[in-house]
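Notes for the one structure printed next.
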Amino acid sequence: MTSGYIGIFDSGFGGLTILDGIRQRMPEYDYIYLGDNARAPYGTRSFDVVYEFTLQAVKKLFEMDCPLVILGCNTASAKALRSIQQKYLPQYAPNRRVLGVIRPTAEVVGELSHTKHIGVLATEGTIKSESYKLEIEKLHPDCTIVGQACPMWVPLVENNEFDKPGADYFVKDSLTKLMSQDPLIDTIILGCTHYPLLLPKIKQQLAQLSTLNPQLPTPQIIPQGQYIASSLEDYLRRHPEMDERLTRGGTCQYLTTESATKFRECASLFLNEEVEAQHITLN
Ligand code: DGL
């Protein structure tokens, strides 16, 4: 039988939080994770550049026998997914599928909020694209959505500073800006796959901010991994023709455009286990 992997792509390490959520739920499948670490972060790059880089990664994963690729990166999902789905796939790869992380998150969030005031924390690119706002408003017209870009959060994570005291300032700053836009927010989406590593600091700072408005509930935080995993499971149930093409050996390979040694060292922070990586180039 030929191999059929689920490919998961991110600009760097962030997508490992998505991979982790998916593998916890569906450990039997075979996975290939590709991090474009050499060119991360994508958050401030233009639409054209994010599209070009993401397409290169998708093509590489197709070459490596992935009939299905998940863009485990909000920035790539916001800026490249639609063009790949509508322009590239029909012409060049009609039997392959590429899915993103924004829609599955938008689907669940409307039901989770009581005040129907939702905050989105993400990279500058994702916030400027307004993808979350548009998706959530379409699915849950009763919701009000505000977004806040957190330009320092990805560098804090990629540089392994996310649990250091210096990170507190930047976490507090972005949360204060978000909550001052709309104090009725009761649900916050972590719309960047790097952010779950900052979760302890985010919770701590939110609890402190909440003491300023004790009459309002402390907002709940929505990390994406578990929702992407259940959405993928549901997708495969609805698409048995795709599910049949995926092999089940329980394996996971890691590819990086940076040094394999560096990837191995940092990936363990996200996965709590040691992994071997292979260096590749994208073009
Ligand atoms: N982890 C990616 C995301 O979810 C972005 C990080 C970056 O800026 O490259 O948006």
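The values are calculated or read from the model by the stated rules, or taken from the named source; none is laboratory data. Small disclaimer: the values here were computed from a predicted structure and weren't measured. Quick reminder, even Gly has a Cβ in these numbers, built from the backbone with ideal geometry, and neighbours come from all protein chains shown. Accessible surface is based on the protein model in full, side chains and every heavy atom, while ligands, DNA and RNA are left aside. Shrake-Rupley method; radii C 1.70, N 1.55, O 1.52, S 1.80 Å.
Overview of values
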| item | result |
| --- | --- |
| Cα-based helix-to-principal-axis angle, 199-210 vs the chain, degrees rounded to 10 | 20 degrees |
| Average Cα contact separation per residue, the chain, under 8 Å, 6 or more apart, as relative contact order % | 27 percent |
| Gaussian network model of the chain, Cα within-10 Å springs - most flexible of A122, A93, A40 | A93 |
| Highest to lowest packing among 192-202, 46-56, scored as the average C-beta count within 10 Å | 192-202, 46-56 |
| Reciprocal of mean inverse Cα separation for segment 171-273 (Kirkwood radius, Å) | 17.1 Å |
| Shape call, segment 56-173: gyration tensor on alpha carbons, a/c limit 1.5 | oblate |
| Mean projected area (nm²) of the alpha-carbon convex hull when the chain is viewed from all directions | 14.2 nm² |
| Rounded tilt (10° steps) of 47-63 against the dominant C-alpha axis of the chain | 40 degrees |
| Modelled FRET efficiency - R0 25 Å, T176 with E137, Cβ distances, 0.05 increments | 0.50 |
| Angle between the chain longest axis and helix 15-25 axis [Cα atoms, degrees, rounded to 10] | 80 degrees |
| Under 18 Å from the Cα of K87 - lysines, other chains or at least 8 residues apart | K59, K60, K79 |
| Gained length - E265 relative to L212, 0.36 nm times residue gap less alpha-carbon distance | 15.1 nm |
| Calculated FRET efficiency for the pair V275/T115, C-beta based, R₀ 45 Å, to 0.05 | 0.65 |
| Accessible carbon and sulfur surface of the chain relative to its total accessible area, %, 1.4 Å | 50 percent |
| Computed accessible area, E233, all protein chains, 1.4 angstrom probe, square angstrom | 50 Å² |
| Per residue accessible area in Å² of segment 135-200, where ligands, DNA and RNA are left out and the probe is 1.4 Å | 42 Å² |
| Accessible-area ranking of M152, M242, largest first, probe 1.4 Å | M152, M242 |
| Probe 1.4 Å, all protein chains present, accessible-area order of S11, S231, largest first | S231, S11 |
